[in-house]
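Written out below as structure tokens is the structure these notes cover.
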Amino acid sequence: MIDTVPATAATPATASAAGGGDRPVVGSYDSYEQARKAVTFLADNDIPAHRVAIIGENLRLTENILGRVTAPRAAGMGAALGACFGLPSSLLVLLAAGPWAALLAGVAFGALLGAIFGLTAYWTACGRGDLLTSRSLVAARYAVVADVAIADDARSLLIKFGWRTG
């Protein structure tokens with residue numbers, strides 16, 4: 001659903017200076033996807049996209065706990081990272097030297113060093129930071145703002161055409 005400031009409002013809402021200056025709010029949405037679709041709709045209707053912005057309001061950090069980091073998991077993650085670093089270096093050796101054994105040796109050596117590094121980092125932490133997490137920044141509302149010169153046109157378009165999300 002679209003919540004807009006009526007075109008007849010005496011003082012339209014404006015975004016804070018942190019969002020790039022005082023620009024009137026032309027639409028307010030529950031999700032980022034809705035706000036993005038509104039901006040796309042405006043751009044499709046000849047509103048310059050570079051003069052419009054999406055501003056997240058009332059931000060909150062969400063951290064989901066995915067599991068605990070154990071010694072085997074730390075070694076495995078380190079080995080995977082080390083193998084990823086060992087592969088490009090072994091490809092350089094492969095191009096220079098030629099044998100495919102260099103490729104496998106580079107990956108294996110990288111995995112071994114990565115596992116050692118992962119275990120060392122795990123044991124050094126001593127129980128601090130032994131949780132595997134995923135963080136995301138989410139806003140409660142997303143305001144679509146536009147430059148003052150085009151704000152009335154943008155707001156009118158959103159109201160006139162009854163822009164809604166599917």
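Taken together, the values in this text are just the output of simple stated rules run on the coordinates, not laboratory data. Remember, it's a predicted structure, so these values are computed and weren't measured experimentally. Quick reminder, even Gly has a Cβ in these numbers, built from the backbone with ideal geometry, and neighbours come from all protein chains shown.
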Karplus couplings for segment 140-153 from phi (6.51 cos²θ - 1.76 cosθ + 1.60, θ = phi - 60°), rounded to Hz, Gly and Pro as x?
-> 6, 9, 10, 9, 9, 10, 9, 4, 3, 5, 10, 4, 5, 5
Projected onto their principal axes, the Cα atoms of segment 70-129 stretch, largest extent first, over whole-Å spans of 45, 14, 11
Length gained, D46-I159, 0.36 nm per residue minus C-alpha separation, equals 39.1 nm
For segment 38-166, what Kirkwood radius comes out of the mean inverse Cα-Cα distance, in Å?
-> 19.5 Å
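Given a Förster distance of 22 angstrom, what is the FRET efficiency for F109 paired with T70, based on the Cβ-Cβ distance and rounded to 0.05?
Numbers: r = 24 Å, r/R0 = 1.10.
With a Förster radius of 22 Å, E is 0.35.
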Tabulate in residue order the Karplus-calculated ³J(HN,Hα) for segment 38-48, using 6.51 cos²θ - 1.76 cosθ + 1.60 with θ = phi - 60°, rounded to whole Hz; enter x for Gly and Pro.
-> 5, 5, 4, 4, 5, 5, 5, 10, 6, 8, x
Under-5 Å amide H pairs with V26, H placed in peptide plane, nonlocal only = V144, V145, A146
What residues have an amide H closer than 5 Å to that of V69, excluding those fewer than 5 places away on the same chain, when H is modeled at 1.01 Å from N in the peptide plane?
-> L131, L132
Hand me the chymotrypsin sites (Phe, Trp or Tyr not before Pro) from segment 57-158 located in a DSSP loop with no more than 11 other Cβ atoms within 10 Å, in residue order please.
-> W100
To the nearest 20 debye, what is the magnitude of the charge dipole of segment 25-164 about its Cα centre, counting +1 on the Cβ of each Lys and Arg and -1 on the Cβ of each Asp and Glu?
-> 360 debye
Quick one: net charge of Y122's neighbours, Cβ under 10 Å, K/R +1, D/E -1?
-> 0
